[in-house]
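Q: Sharing a structure here in structure tokens format.
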Amino acid sequence: MTHTDCLFCKIATGAIPTTRLYENDHILAFPDLNPQAPTHILIIPKDHLNSLAEATSTHTEVFGHLLSAVTEVARQQHLDGGYRTVINTGPDGGQTVGHLHLHLLGGRAMHWPPG
Ligand code: AMP
Ligand code: ZN
């Protein structure tokens, strides 16, 4: 299901153009507009879901596709030294776009703990 007023739904359907780095029936990966690392890619389910906080047992399968896509994209991008995956959830989590997305960050050493 797509939401007509959702930015990432519009990217998923192609209504807003992006560089489609990887996709399958369930998932799309595209570059973050404001990269925080040499490689910063967003990976989203094509079906709308606000955030992890709204997930139900019906989402189990798509979450599998999401994580499998991380492996594919990281290999495609040659992130052989490792990478960071982040899912921000809700206001306290720093989520600013209300369509679930996973950040894949790489190409430099990451710090811990995150801010
Ligand atoms: P979050 O703060 O976890 O909700 O992350 C939202 C991310 O979406 C930020 O890293 C933004 O830079 C990114 N972003 C916002 N608009 C776009 C866009 N049109 N295309 C690609 N990335 C975007
Ligand atoms: Zn959406």
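Readers should treat all values here as calculations from the given coordinates under stated rules, not as data from a laboratory. Worth saying up front: this structure is predicted, and the values here are computed from it rather than measured. Because the Cβ atoms are built from the backbone with ideal geometry, glycine has one as well, and the counts that use them run over all protein chains shown.
Q: Peptides 103-113, 35-45: what's the order by average Cβ count within 10 Å, highest mean first?
A: 35-45, 103-113
Q: I would also like to ask the following. Using only Cα atoms, tell me the angle between helix 60-76 and the longest principal axis of the chain; keep it within 0 to 90° and round to the nearest 10.
A: Helix 60-76 sits roughly 40 degrees off the main axis of the chain.
Q: So, R0 is 35 Å and r is the distance between the beta-carbons of Asp80 and Leu33; what FRET efficiency does that work out to, to 0.05?
A: According to the calculation, E is roughly 0.85.
Q: What FRET efficiency comes out for the pair Ala53/His3, r = Cβ-Cβ distance, R0 = 22 Å, nearest 0.05?
A: Given R0 = 22 Å and the Cβ-Cβ separation, E is 0.85.
Q: Treating only the Cβ of Lys, Arg, Asp and Glu as charged (+1, +1, -1, -1), what charge dipole size does the chain show about its Cα centre? Round to the nearest 20 debye.
A: The dipole of the chain has a size of about 300 debye.
Q: In addition: Based on a Kirkwood Rh over C-alpha pairs, give the Stokes-Einstein translational diffusion coefficient of the stretch 36-84 at 37 °C and viscosity 0.692 mPa s in µm²/s.
A: Rounded, D is 267 µm²/s.
Q: I need the Kirkwood Rh of the stretch 17-115: take the reciprocal of the average 1/r across all distinct C-alpha pairs and report it in angstrom.
A: 13.9
Q: Which one, Pro38, Ala55, Phe8, is farthest towards the positive end of the dipole of the stretch 7-106 when Lys and Arg carry +1 and Asp and Glu -1 on their Cβ?
A: Farthest along the dipole direction, towards plus: Pro38.
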